[in-house]
1. Can you name every residue in the stretch B:243-255 that is open to solvent by 50 Å² or more (accessible area, probe 1.4 Å) and either over 23 Å from B:Val213 (Cα atoms) or at the interface with another protein chain (Cβ under 10 Å from one of its Cβ atoms) (or both)?
2. Under 7 Å between Cβ atoms, which residue pairs at least 6 apart in sequence (or on different chains) link something in the stretch B:114-133 that is on the phi > 0 side of the Ramachandran plot with a partner that is open to solvent by less than 10 Å² (accessible area, probe 1.4 Å)?
3. Read through the list (1) loosely packed, with under 13 Cβ neighbours inside 10 Å; (2) of a type in the set (A, V, I, L, M, F, W, C); (3) within 11 Å of chain A (Cβ to nearest Cβ), then give the number of the only condition that B:Ala177 fails.
4. Just to be sure, is B:Met214 more than 14 Å from every other protein chain (Cβ to nearest Cβ) and over 17 Å from B:Ile139 (Cα atoms)?
5. Do we have B:Gln206 as surrounded by fewer than 19 Cβ atoms within 10 Å (Cβ to Cβ), within 22 Å of the chain's Cα centre (by Cα), within 14 Å of chain A (Cβ to nearest Cβ) and without any contact (Cβ under 8 Å) to a residue 60 or more places away in the chain here?
6. All but one of (1) more than 14 Å from every other protein chain (Cβ to nearest Cβ); (2) open to solvent by 10 Å² or more (accessible area, probe 1.4 Å); (3) among the aliphatic types (A, V, I, L, M) hold for B:Ala265, so report the exception by its number.
7. Given the criterion away from chain B (no Cβ under 14 Å) and either farther than 22 Å from A:Gly172 by Cα or open to solvent by 60 Å² or more (accessible area, probe 1.4 Å) (or both), identify the matching residue among A:Asn31, A:Asn15.
Amino acid sequence: MVDFARVQKELSECNRDVTISGIRIVPQSDNLLHLSGTIPGPIGTPYEGGTFKIDIILPDGYPFEPPKMQFITKVWHPNISSQNGAICLDILKDQWSPALTLKTALLSLQALLSAPEPDDPQDAVVAQQVLLSPVLTPMHPLDFHLSFFQYSLVSICVWAPQYLRDYPTFAGTARYWTETFAKTNSIGNEEKVQKLLEMGFPEDLVRTTLKEVGDDETMALEKLCPG
Amino acid sequence: MYSRRAGAVVWNLSFSHPLNDWEVGDFASLLTLLESVVVTESVRDRRVWASNSSGRFYVKAYLEEANPGGIVAFPTQLEPLSALAAEYQSGSRLARKNKGLFLCVSVHVLGEEYAAIRRTRGDGNCFFRSFMFSYLEHILDSQDKAEVDRITAHVEQCKKTLQSLGYADFTFEDFFALFLEQLESVLQGSGNSISHDELVTRSRDQSTTDYVVMFFRFVTSGEIRRRSEFFEPFIMGLTNSTVEQFCKSAVEPMGEESDHVHIIALSDALGVPIRVLYLDRSSCDTGGVSVNHHDFIPASGDPHNAAGGSSDTINPIITLLYRPGHYDILYPK
């Protein structure tokens, strides 16, 4: 049974100093089991200036069991899946303790953005990118799906994180993804994005196209429908 | 999972982590069990252990099916120490691991001083579970109001320690409140006092005990951090990690096993003397038929315990039996 009184206290505690920490948690439903958190990208990293949204689901045993957290905002990071936002972090698994809170967990995610743990990668693509194509320009999100397909054809056991072997490439890609998916203007665009999504265009394509045409919905649509 | 090599079935089992010494015995019995399995390849595969209605598999459901007589509830009822001796003779799980005629002798030596044993759940929280039951039982039996007042003052002090270390109140207050509630309930005449049977029942309740275990983990962590200079060398010797890392990874998460560092910290923080008897291979080093024990006497300088001074004048409130990876409660004669 989730301790709702505690969750309530956690939310008010966290949101009280949101101006200092930049970390916010709001309920997604009225029963407090489904929340969403936002963290600012750490300054001095490729994530700077971005706002990252995280989906939070509280399991039955909370706070004895860890909250389930997943990035909703797409992010390029060795410990975060670029496909579904799944996070590889010990405190969200066996190192969770009831002494931790949702806020401290989000702070840990922010710390993870500043200091990736390359020995424990979640995203094989980010980890393998350099290994397979030694000369890479920052990766465009649109190329990503194709590349992922190519990469997944090759099964490689050696983890060689891109960010360690070729930090500039890694940082360039991470910054590009931050620009495209995590900047406030792309978040402010939610309505336009939603409309285009409903027309059946893929999300990555919609966001990048909108960005290319300066958030003009009509122009984006024209660009999306060739001919 | 399995392959055939020269007509014989070979099982390819993979592990998510290296085997712990207490798991070796279990693994050996699994292999023995697998040996008896005849695989008929012409028959289609099917699930034997069905999922429940929501499509999930539960170990608990399986256990219930496999043990129609019921699962042993922890803490167990009091068992005479001869049960422990019998366990070693019949070569049960723990005993096989400890391989031992010598231990057999040790158990008999143990029997000269101790009358009974109460087993606790082996889920990595067993030290704290044993401490909880043993302490509450002591208060229930002794009705020592002065002791309750003393420990309550210590608990208050622990709360201040956590606050000064920067823990937000709401992270620990529920756990503290639940422990104090349990403490009050074992004192008779408080209105909601409970019987011994009820203490056993309550100690089997997952939710209540998890809260109390977490209370102890907070107290232990707070004490280690408060006196980090004192604990640092112990921790470095044990895990080669910093005090901060140790508290975060080995004290505060549920299910992390307790070592002497945890015992010293909890004993000091709450001012409760603890005796631990060690029944492991190290007992062999003594050469004779004795069982090693260690008394954890709360650090001096403590106003509540200053009277003692020499360690043999302090009677441990709690006596635990340690076998590698597990603590149970012992009852002196």
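1. Within the stretch B:243-255, B:Lys248 is the sole residue that qualifies.
2. Partner pairs satisfying both residue conditions: none exist.
3. (3)
4. No; evaluated as a whole, the condition is false for this residue.
5. yes
6. (2)
7. A:Asn31
The values are calculated or read from the model by the stated rules, or taken from the named source; none is laboratory data. Since we're looking at a predicted model, the values are computed, not measured. Neighbour counts are summed over all protein chains in view; Cβ atoms, including those assigned to glycine, are modelled from backbone coordinates with ideal geometry. Quick note on the areas: whole protein, heavy atoms, side chains included, nothing else; ligands and nucleic acids left out. Shrake-Rupley method; radii C 1.70, N 1.55, O 1.52, S 1.80 Å.
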